[in-house]
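Notes follow the structure.
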Amino acid sequence: VVETQEHYKSRWRSIWIMYLTMFLSSVGFSIVIMSVWPYLQKIDPTADASFLGWIIASYSIGQMVASPLFGLWSNYRPRREPLVVSTAISVAANCLYAYVHLPHSHGKYYMLTARALVGFGAGNVAVVRSYIAGATSLTERTSAMANTSACQAVGFILGPVFQTCFTLIGEEGVTWKLIHLQLNMYTAPVLFGALLGVINIILIFAIFREHRVDDMGRQCKSVNFEGEESGVPDQDTEGNIDHVAVVAINFLFFVILFVFAVFETIATPLTMDMYSWTRKEAVFYNGIILSVVGIESVIVFMVVKTLSKKTGERAILHGGLLIVLVGFFILLPWGKKLPNIQWQDIKNNSIPRTTSTETLIPFWSLPAMQLPSNHTAEPVGCPVTQSWCLNTPMIYLAQYISSDILIGLGYPVCNVMSYTLYSKILGPKPQGVYMGWLTASGSGARILGPVFVSQIYTHLGPRWAFSLICGVVVVSLLLLEIVYKRLIAFSVRYGRMQE
C-alpha cells in the first residue's frame with residue numbers, strides 16, 4: 001500500500017489550504033490596484049504619477065526580498081510557521097493601509113510602506129509552491145501546479161471585482177470615531193483582505209498538516225513533519241540537482257513574467273495613442289479585455305493538465321513560448337495609415353515644443369496632460385511629444401485583439417510548465433529556497449518590465465518595443481532548445497523512474 005486513505009485525504013486538504021493561500025495572496029495585490037491613484041491623491045496631494053509607479057512596484061520588491069527568506073525558513077522548520085507569520089504581516093499591512101489617512105503629512109510614504117509589507121507577506125507563495133511540490137507525486141504534480149496557478153489567476157480577476165463592489169460605499173463612507181477608522185471605497189477592500197487573511201490563519205492551524213511523498217507517491221519523512229505523521233525516510237535524495245537546468249528555468253520564467261508585465265503595462269497608453277481613446281474608454285475597454293484574458297487563462301490552466309499527460313511539459317512550454325512570440329510579432333506596425341495626432345487641429349503655437357529626446361513625456365503622465373485653457377475637451381490621439389507618432393503606422397484594432405488572445409493563451413501555458421518542470425528537476429531535495437529564487441525572478445521581471453516598456457515605447461515607439469520583446473522570446477526559445485534534454489525529473493535523471 002503506497003498510502004492510506006486517511007493520509008491521502010489529509011494531504012489533499014492541506015493542499016487545498018495552500019490553494020486558498022495562493023488565491024488570497026493575489027487578491028491582496030489586485031483588490032486595491034484600481035483605487036491606489038485616487039486614494040493617494042486624496043491623502044497626500046504632493047504625490048505625483050512617478051511616485052505612484054514606486055507604490056505599484058513596492059509590492060513586487062517586497063515579494064522579491066521575502067520569497068527566498070521564507071523559502072529558507074520552510075526548509076528547516078515546519079511550514080506552518082512561515083505561512084502564519086507571512087499572512088499576519090499581510091493582515092497588519094492591510095490595516096496600516098486603512099489608516100494612512102491619519103498622519104497630517106507624508107501619507108504617501110505610509111502607503112508605500114503598507115504596499116511593500118503586503119508584498120513581503122506575499123513572499124509565502126514560495127512556501128506554498130515548495131509544499132505542493134513535496135506533497136505530490138510526479139503524476140499529480142502538473143495538475144496541482146495548474147490548480148495553484150489557476151487560483152492565483154482567479155485572485156487577480158476577482159480582486160478588481162471586489163473593489164468595484166466596495167465603490168458602492170462611496171468616497172466618504174462611514175467613520176468609526178472611537179478607533180479613528182474611515183470605512184469607505186478605499187479602505188473597505190483592504191479590511192476585507194485583512195479579514196480573509198485572519199480566516200486563512202485559522203484554517204492553517206485547524207486543517208493544514210505537513211505531508212511529504214516521494215515521486216512515486218510513497219509517504220516519507222522530512223524535517224517539516226513535527227512528528228505528526230509516520231513514514232519511511234526518503235532513500236531517493238542521493239544525487240545532485242542539475243543546476244544548469246535550474247538556472248535555465250529561472251531565466252525562462254523571468255522572460256515569461258517580463259513579457260506579460262510589458263503586455264499589461266502597455267495596454268492603456270497603446271490604445272490611447274492608436275485609437276484615440278479617452279482615459280475612461282481606455283480603462284473601461286482594457287479592463288474588459290484583461291478580464292476576458294484572465295478567464296481564458298483559467299480555462300487554459302484546466303486544459304493544460306490533461307494535455308501535458310499526452311505531450312509532456314517540455315513540448316508544451318516550447319509551444320507556449322512560440323504562441324507568445326507570434327502574439328508580439330502580430331503587434332508590429334505595418335501598413336501606411338498613421339495614428340491620429342493629438343492636438344493636430346490646434347494652432348501651431350499651442351503645441352508643446354520639445355528640443356531634445358530628454359524632454360519627451362513618459363507615457364504614465366500622458367493622461368494628466370491638459371489642453372490650453374480655451375479648450376475643454378480631453379486631448380486624444382498620439383501626442384506630438386512622441387516623435388515616432390509622425391512616421392510609425394498605426395496598429396490596427398484587429399491586431400491588438402488577436403495579440404491579446406494569443407498572449408492570454410501562451411502565458412498561462414508557460415507559467416504552469418515552468419513551475420512544474422522546476423519542481424520535478426529539484427526532486428526530493430528541499431525546495432523552499434529554490435522556489436524562493438524562482439518567485440523572486442518573477443517579481444524582478446514585474447518590476448523591470450514596466451520600466452523597460454515606458455522608456456522604449458515613449459522614446460522609440462511600438463516598433464522598437466515589440467521587436468525587442470520578440471528578440472528576447474527568440475533567445476528564450478534558443479535556450480530551451482539547448483537545455484531541452486536536461487529538463488527532466490530528478491528521479492528520471494538518476495534512473496529511478498521511467499519518463
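Filtering the stretch 27-59 to residues that are more than 16 Å from Glu264 (Cβ to Cβ), of a type in the set (Phe, Trp, Tyr) and buried (at least 18 other Cβ atoms within 10 Å of the Cβ) leaves only Tyr39.
Here Ala98 meets the list (1) of a type in the set (A, V, I, L, M, F, W, C); (2) within 30 Å of Gly432 (Cβ to Cβ); (3) touching a residue at least 40 places away in the same chain (Cβ under 8 Å) almost entirely, failing just condition (2).
Is it the case that Leu307 is in contact (Cβ under 8 Å) with a residue 12 or more places away in the chain and either at positive phi or in the same structural domain as Ser403 (by the TED database) (or both)? Answer is no for this residue. Within the stretch 394-426, the only residue that satisfies the criterion of being open to solvent by less than 10 Å² (accessible area, probe 1.4 Å) and assigned to a loop (DSSP other than H, G, I, E, B) is Ile395.
Being surrounded by 14 or more Cβ atoms within 10 Å (Cβ to Cβ), of a type outside the set (Phe, Trp, Tyr) and modelled with pLDDT of 85 or more is a property that Val453 lacks.
Filtered by the rule that a residue be within 30 Å of Leu138 (Cβ to Cβ) and among the charged types (D, E, K, R), the stretch 165-215 gives Arg209, Glu210, Arg212, Asp214, Asp215.
Every listed requirement among (1) under 19 Å from the mean Cα position of the chain (by Cα); (2) surrounded by fewer than 21 Cβ atoms within 10 Å (Cβ to Cβ); (3) closer than 11 Å to Ile407 by Cα is met by Leu322 save one, (1).
Would the stretch 70-83 turn up any residue that is under 19 Å from the mean Cα position of the chain (by Cα) and not acidic (Asp, Glu)?
Initial filter on the stretch 70-83 (under 19 Å from the mean Cα position of the chain (by Cα)): 70-71.
Subsequent filtering for residues that are not acidic (Asp, Glu) retains 70-71.
Yes.
Restricting attention to the stretch 168-182, which residues are open to solvent by 100 Å² or more (accessible area, probe 1.4 Å) and either under 15 Å from Val100 (Cβ atoms) or of a type in the set (Phe, Trp, Tyr) (or both)? Full working, then the answer.
Taking the stretch 168-182 first, the residues open to solvent by 100 Å² or more (accessible area, probe 1.4 Å) are 168, 172, 176-178, 180.
Matches in the stretch 168-182: Trp176, His180.
Which one of these is at pLDDT below 85, under 18 Å from the mean Cα position of the chain (by Cα) and among the charged types (D, E, K, R): Glu264, Glu281?
Numbers: Glu281 fails: under 18 Å from the mean Cα position of the chain (by Cα).
None of the other options fit; the residue is Glu264.
The values are calculated or read from the model by the stated rules, or taken from the named source; none is laboratory data. Everything numeric in this text was worked out from a predicted model, so none of it was measured. For neighbour counting, all protein chains shown are included, and Cβ atoms are generated from backbone atoms with ideal geometry for every residue, glycine included. Calculation scope for accessible area: heavy atoms of the full protein, side chains included, ligands and nucleic acids excluded. Shrake-Rupley method; radii C 1.70, N 1.55, O 1.52, S 1.80 Å.
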